[in-house]
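These notes concern the structure reproduced below.
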Amino acid sequence: MLNPETLSQLQNILGAQGLLTDPASLETYGCDWTKTYEPAPSAIAFPKTTAQVQALIQVANQAQFNIVPSGGRTGLSGGAVAAQGELVVSLERMNKILEFNTQDRSVTCEAGVITAQIQQFAAEHDLFYPVDFASAGSSQIGGNIATNAGGIKVIRYGLTRQQVLGLEVVTGKGEILKLNNGLVKNATGYDLRHLFIGSEGTLGIITQATLQLIRPPQNLTVLVLGVPEFGALMQVLMRFQADLDLSAFEFFSDRALHYLVQDKGLAKPFDTPAPYYALLEFENDSAGREQAALQAFQDCLEQGRVLDGVMSRSQTQAKALWRLREMISETISVYTPYKNDLSVRVSQVAAFLQAVDQIVAERYRAFEVIWYGHIGDGNLHLNILKPATMEKAEFFEHCAAVNEQVFALTQSLGGSISAEHGVGLLKRDYLSYSRSPEEITYMRAIKALFDPNQILNPGKLLS
Ligand SMILES: Cc1cc2nc3c(=O)[nH]c(=O)nc-3n(C[C@H](O)[C@H](O)[C@H](O)COP(=O)(O)OP(=O)(O)OC[C@H]3O[C@@H](n4cnc5c(N)ncnc54)[C@H](O)[C@@H]3O)c2cc1C
């Protein structure tokens, strides 16, 4: 816990309104979306400048207390959890867009800017920021960079990493680094920018970012298809990709749809029942593209790979169809899901799905399983719902026991136990399923270089 002397030092840095210690704030800012851990921070700091962030880190090094960098707290791995008397450093008051360059098509902003704000800013300038997911209205650019967030457009535009042209960070040592200056090309040695992308607040606090904006896609059109079996999903993907550049290829199970209809009142896409659904999106900017999509649909129908389908005819319809995929995470959150975020190479997805499904059927017999995910990227979200009568602790213990088997299978295919949610606290003890001992040793050495006193997010990502 922070002593009164340190608290007053922090107060001096941040000003009267910049430090909160009331119980409600400690509870709110001490946790993320996992809700698995009891929040117990000592105080919440709201810096407004990079100099203040630097001063906080310097005091933490002198007084030897730990800092949890905090964004929109939508993280799903416990990375922003403060459960051990840490100082939470929230970036939410560093929320300004600083510079826009039309010729470079780039925007520089503070790390606390909300993701949807950047999307909106890009649209107002006839441009597009392609990183998107259901939590974009709350997550921050700094948090997206710290987790290298993915989402629903990765198949076409890549992860957050692809959009980051430059960063300003304050390292765990308290040094300010300006990385890559917004350059597209820069072959001058190690690109430290990329070390901070996906570092989950363990190496430094990101204070500013320069992001690449792109040409906005035209007339995005959405198809939802009913698919009879896991095996057919990837064949449908291949058939559509043969003639179209898809900007999304997502999937969800009929049980996910069941909860959307029951709890959110969403309409089914069509009446024909199907165990799985694929959601595809493409840029419908010429007559040829729509024709190609309809032909692919027809072929899949004839080959028995698709049972039924619907295609949006307006942006309103496209948005309504997207809600079938985007609302799943929020809808099932009330059933305390145990989340797995797995990935394998796209070519391995079909085999992986069958094998995981078998494990799930054997080991989760008593539990309800909800599948969805960014299957076009090889990324599957496997959610196990807690039975209403079971205690949370017992449920999580049971799920953790099955983890070993699912993760061993993932490892055997060279896959990842966390495709896009990060490691945080939740997946920390399983890191070795995706990283070799040699890699983990190098990761520890990098952590020691940027944060020698281990004050930034200790115990997250690395044990
Ligand atoms: C409904 C829902 C849907 C989601 N869908 C997706 C999805 O499709 N794809 C996906 O990738 N994720 C998804 N997520 C997860 C989450 O939204 C992302 O991980 C997001 O990038 C987290 O951003 P945040 O600002 O909320 O970060 P936080 O949760 O606050 O923090 C996440 C991590 O980043 C660190 N951090 C935060 N800010 C900084 C900073 N300025 N400097 C250094 N470290 C920092 C924290 O310490 C923590 O380790 C979803 C979450 C929800 C709730």
**Study point:** Selected residue (only one of 85, 150, 166 is touching a Leu at 6+ places or on another chain (Cβ under 8 Å), of a type outside the set (Phe, Trp, Tyr) and within 12 Å of the ligand (Cβ to nearest atom))
**Key:** 150
Exercise for review: Give the number of residues within the stretch 333-381 that are under 21 Å from residue 149 (Cβ atoms) and in contact with a Phe, Trp or Tyr (Cβ under 6 Å, 6 or more places away or on another chain).
Suggested key: 5
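Being among the aliphatic types (A, V, I, L, M), in contact (Cβ under 8 Å) with a residue 12 or more places away in the chain, open to solvent by 20 Å² or more (accessible area, probe 1.4 Å) and over 20 Å from residue 425 (Cβ atoms) is the filter here, so list the residues in the stretch 48-79 that pass it. I'd like the intermediate steps shown before the answer.
Taking the stretch 48-79 and keeping what is among the aliphatic types (A, V, I, L, M), we get 51, 53, 55-57, 59-60, 63, 67-68, 76.
This time we only want the ones that are in contact (Cβ under 8 Å) with a residue 12 or more places away in the chain, so: 53, 55-57, 59-60, 63, 67-68, 76.
Keeping just the survivors that are open to solvent by 20 Å² or more (accessible area, probe 1.4 Å) gives 55, 63, 76.
If the condition is that a residue be among the aliphatic types (A, V, I, L, M), in contact (Cβ under 8 Å) with a residue 12 or more places away in the chain, open to solvent by 20 Å² or more (accessible area, probe 1.4 Å) and over 20 Å from residue 425 (Cβ atoms), then 55, 63 are the ones that fit.
Could you tell me which of the residues 401, 388, 393 is open to solvent by 40 Å² or more (accessible area, probe 1.4 Å) and over 19 Å from residue 333 (Cβ atoms)?
Working: 388 fails: over 19 Å from residue 333 (Cβ atoms); 393 fails: over 19 Å from residue 333 (Cβ atoms).
So the residue among 401, 388, 393 that is open to solvent by 40 Å² or more (accessible area, probe 1.4 Å) and over 19 Å from residue 333 (Cβ atoms) is 401.
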Review point. Applying the selection to the stretch 208-232, what residues are under 23 Å from the mean Cα position of the chain (by Cα) and either of a type in the set (Ser, Thr, Tyr) or modelled with pLDDT under 95 (or both)?
Key: 210
Revision key, fill the gap. Within the stretch 124-139, residues of a type in the set (A, V, I, L, M), within 9 Å of the ligand (Cβ to nearest atom) and open to solvent by 10 Å² or more (accessible area, probe 1.4 Å) come out as 134
Check your understanding: Checking residue 94 against (1) touching a strand residue (DSSP E or B) at 6+ places or on another chain (Cβ under 6 Å); (2) within 16 Å of the ligand (Cβ to nearest atom); (3) part of a helix (DSSP H, G or I); (4) in contact (Cβ under 8 Å) with a residue 24 or more places away in the chain, which single condition isn't satisfied?
Key -> (3)
Exercise for review: Any residue in the stretch 135-151 that's within 13 Å of residue 69 (Cβ to Cβ): show its pairings with residues that are among the basic types (Lys, Arg) and more than 6 Å from the ligand (Cβ to nearest atom) at Cβ separation under 9 Å, as long as the two are six or more apart or on different chains.
Suggested key: 145/161
Check your understanding: Applying the selection to the stretch 349-402, what residues are within 23 Å of the chain's Cα centre (by Cα), outside any strand (DSSP E or B) and of a type outside the set (A, V, I, L, M, F, W, C)?
Key -> 374, 376, 377, 378, 386
Check your understanding: Which one is surrounded by the most Cβ atoms within 10 Å (Cβ to Cβ), of the residues in the stretch 428-450 that are touching a helix residue (DSSP H, G or I) at 6+ places or on another chain (Cβ under 9 Å) and touching a residue at least 40 places away in the same chain (Cβ under 8 Å)?
Key -> 450
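The values are calculated or read from the model by the stated rules, or taken from the named source; none is laboratory data. Note that the structure is predicted; figures quoted are calculated from it, not measured. We place every Cβ from the backbone using ideal geometry, glycine too, and count neighbours over all the protein chains shown. Just the protein is used for accessible areas: all its heavy atoms, side chains included, with ligands, DNA and RNA removed. Shrake-Rupley method; radii C 1.70, N 1.55, O 1.52, S 1.80 Å.
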